[in-house]
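The structure appears right after this line, and notes come after that.
The values are calculated or read from the model by the stated rules, or taken from the named source; none is laboratory data. Remember, it's a predicted structure, so these values are computed and weren't measured experimentally. When we count neighbours, we look across all protein chains shown, and the Cβ atoms used for this are built from the backbone with ideal geometry, even at glycine. Heavy atoms of the whole protein, side chains included, go into the accessibility calculation; ligands, DNA and RNA do not. Shrake-Rupley method; radii C 1.70, N 1.55, O 1.52, S 1.80 Å.
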Amino acid sequence: MKKYISTLFAVIFIISCGQDNVYEIPTDANGNIIWTGVSSTTTTGISSIDNSFTVTATFATAKAGDVMKVELLQLQTPPEGGTTKQLLPLANTQKDVTVGSDLKASITYTRDQANLKGVGDYVMVMFNGATDYAKQRVDMTNAMTVSKPTVSGKEIEVARTAEVAYFNVNVTPKEGTFTGNVEVKRKNGTNGTWIDVTGSPFSGATQPYLVPIAGTDFVIENDTMFYTFTATQGSYQEKIERTVIVRDPYFYLKKSATLTLGGSSAGRNLLINAAVPANDPMALIAIEGSLMLKGGSAYLAAGKTIQFVPSTTAMYALNNSNTAIAAFESGTPANTLDPISGQGVYIFKAVTGPNPADVYYGMIMVTGVTPNQSVSFEYRIGNQYAHLTVIK
């Protein structure tokens, strides 16, 4: 009996000692627990050409009329010294804001107040009150983006031709719309002279700004072009640099295909690499009755053509469209291709219509032949930028 009494006193003692550390759980008039949410924040953000940013906090436990102390923290070297930076309060950034009836409070800082000097710099915005707090990281970001040289939405390697590709330039500040301009300069080779790109400076509401680049911009002695893109709005600027290396003209796409005698895959639409029957109007190449490759019957009947000139694996690997086209024009074109003849490599010329862009040169390399059944091959196609809107 004494043992049980001693245990009871011990439990009572433990409970009484721990009562000072018990926190009251908020309840409503009916005694139900009141569950509170977590404060959240949003920010307009700030880009390299913006002057300020705003952060809005939505509080979970604060009340309308509460005063929040706000300040900025940034990575700094501690006053006592050292090599490791710490998040410390920024001088002269302390402000008071009052929570509104919607339980929100907003604060605005300029880039100078926040000590944001360049892309990648950031601050922490801290709200602290008697019953709630919130925080938001604000990074200074790029306002401008510059694509690689592009044709019809496809990034390309610039070839030494007169055709024009474009850098797509977009400038999107966080504060309103872009009302400034973008100056673009280029120089050919390290020791070249900086000159304005045609159309510079670019401005206006319609974006992206299309900045032209052509293979003929490059002199023969230099295959490297340097570009600078400078966006200016008010007193702020952002600068992006790009380097472009030109290459000899080439066939843009490389695909593979298998033609099987009879059925739905005896032909191939080389433009989109799709299997079609031999009598499909878009069977640029097909096998019918034998494994000799030629234009499909309906394709040829529509007045379209495809012809072949034998070539070599070395020329196929070189992938120089100018060299291949010259070899085709100096050769003797045939209307059929023997997959087991020579090195199994051919240059082709397909004409699908009356316009210059309807002439497609390319190369075929046979990779496999199953007698009386199928022919497999790899092919290159697309020697004009205009083809990139068609070939896939």
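Ranked highest first by the average count of other Cβ atoms within 10 Å around their residues, in what order do 288-294, 138-144 fall?
By packing density, highest mean first, the sequence is 138-144, 288-294.
Taking the Cα atoms of the chain, report the difference between the largest and smallest coordinate on each principal axis, in whole Å and largest first.
109, 74, 43
What list of ³J(HN,Hα) couplings, whole Hz, do you get for region 216-223 from phi and the Karplus terms 6.51, -1.76, 1.60, once you set θ to phi - 60° and write x for glycine and proline?
Residue by residue, region 216-223 yields 6, 5, 8, 7, 4, 6, 10, 9 Hz.
For Lys174, list the aspartates and glutamates whose Cα falls under 19 Å from its own Cα; do not include residues on the same chain fewer than 8 positions away.
By straight Cα distance, Lys174 reaches Asp50, Asp112, Asp121, Asp139, Glu238.
Amide H to amide H, which residues 5 or more places from Phe251 or on other chains are under 5 Å from it, using H placed in the peptide plane?
HN-HN under 5 Å from Phe251: Ser321.
How long is region 215-260 along each principal axis, judged by its Cα atoms, biggest number first, in Å?
Principal-axis extents of region 215-260 (Cα, largest first): 66, 30, 13 Å.
Within the set Lys148/Lys392; Lys117/Lys187; Lys349/Lys392; Lys85/Lys135; Lys185/Lys392, which residue pairs have Cα atoms separated by over 24 Å?
Cα-Cα > 24 Å for Lys117/Lys187; Lys185/Lys392; rest within.
From the backbone phi of region 321-337, what are the Karplus-calculated ³J(HN,Hα) couplings (6.51 cos²θ - 1.76 cosθ + 1.60, θ = phi - 60°) in whole Hz, Gly and Pro given as x?
Once θ is set to phi - 60°, the couplings for region 321-337 become 5, 4, 5, 5, 5, 4, 5, 5, 5, 8, x, 10, x, 10, 8, 10, 10 Hz.
Over region 138-208, what lengths in whole Å, largest first, do the semi-axes of the equivalent ellipsoid take, defined as the square roots of 5 times the eigenvalues of the alpha-carbon gyration tensor?
25, 16, 13
What percent do you get for the relative contact order of the chain when only Cα pairs under 8 Å and 6+ apart count?
11 percent
Within the chain, what is the longest stretch that has no chymotrypsin sites (Phe, Trp or Tyr not before Pro) placed in a DSSP loop and near at most 11 other beta-carbon atoms within 10 Å?
195-392
Just need the relative contact order of region 87-225 here, percent rounded to a whole number, with Cα pairs under 8 Å and 6+ apart.
Relative contact order, region 87-225: 18 percent.
Summarise the accessible area of the chain (1.4 Å probe, protein heavy atoms) by the percent that is carbon and sulfur.
Whole-percent figure for carbon plus sulfur exposure: 53.
What percentages make up the Cα-Cα pair-distance distribution of region 276-368 when the bins are 10 Å wide from 0?
The distribution over region 276-368 is 17, 49, 31, 4, given as percents.
Test of understanding: express the Cα radius of gyration of region 202-339 as a ratio to 2.2 N^0.38 Å, with N the residue count.
Details: Rg = 22.6 Å, N = 138, 2.2 N^0.38 = 14.3 Å.
Output field value: 1.58.
Over the chain, with the other protein chains present, what is the accessible area per residue in square angstrom, probe 1.4 angstrom?
Roughly 53 Å² per residue, with all protein chains present.
What is the distance in Å between the Cα centroid of region 341-392 and that of region 316-330?
So the two Cα centres are separated by 13 Å.
Please list, in chain and number order, the residues 5+ apart from Ser52 or on another chain whose amide H is under 5 Å from its amide H, with Hs placed from the backbone.
Arg111
Can you list residues from other chains, or at least 5 along the same chain, whose modelled amide H is less than 5 Å from the amide H of Asp66?
Val99
From the gyration tensor of the Cα coordinates in region 166-269, what semi-axes in whole Å does the equivalent ellipsoid have, largest first, with each one equal to sqrt(5λ)?
Rounded to whole Å, the semi-axes are 39, 22, 10.
From the phi angles alone, apply the Karplus equation (6.51, -1.76, 1.60; θ = phi - 60°) to region 206-211 and give each ³J(HN,Hα) in whole Hz, x where the residue is Gly or Pro.
Per residue, the Karplus-derived 3J(HN,Hα) values read 7, 10, x, 6, 9, 9 Hz.
Region 48-136: Rg/Rh from Cα coordinates, Kirkwood Rh? List each step's numbers first, then the result.
Details: Rg = 14.3 Å, Rh = 14.0 Å.
Across region 48-136, the Cα-based Rg/Rh ratio is 1.02.
For Lys255, go through the aspartates and glutamates and keep the ones whose alpha-carbon is under 12 Å away, minus same-chain ones fewer than eight residues off.
Hits, sequence-local ones excluded: Glu378.
Can you give the FRET efficiency to the nearest 0.05 for Val219 and Glu80, using r as the Cβ-Cβ distance and R₀ = 45 Å?
Between Val219 and Glu80 the formula returns 0.15.
Two decimals is fine: what's Rg over Rh for region 66-195, C-alpha atoms, Kirkwood radius as Rh?
Result for region 66-195 is an Rg/Rh of 1.17.
Would you calculate the separation in nanometres between label points at Val369 and Thr258, each defined as 7 Å from the Cα along the Cα-to-beta-carbon direction?
Once both label points are built, they end up 1.8 nm from each other.
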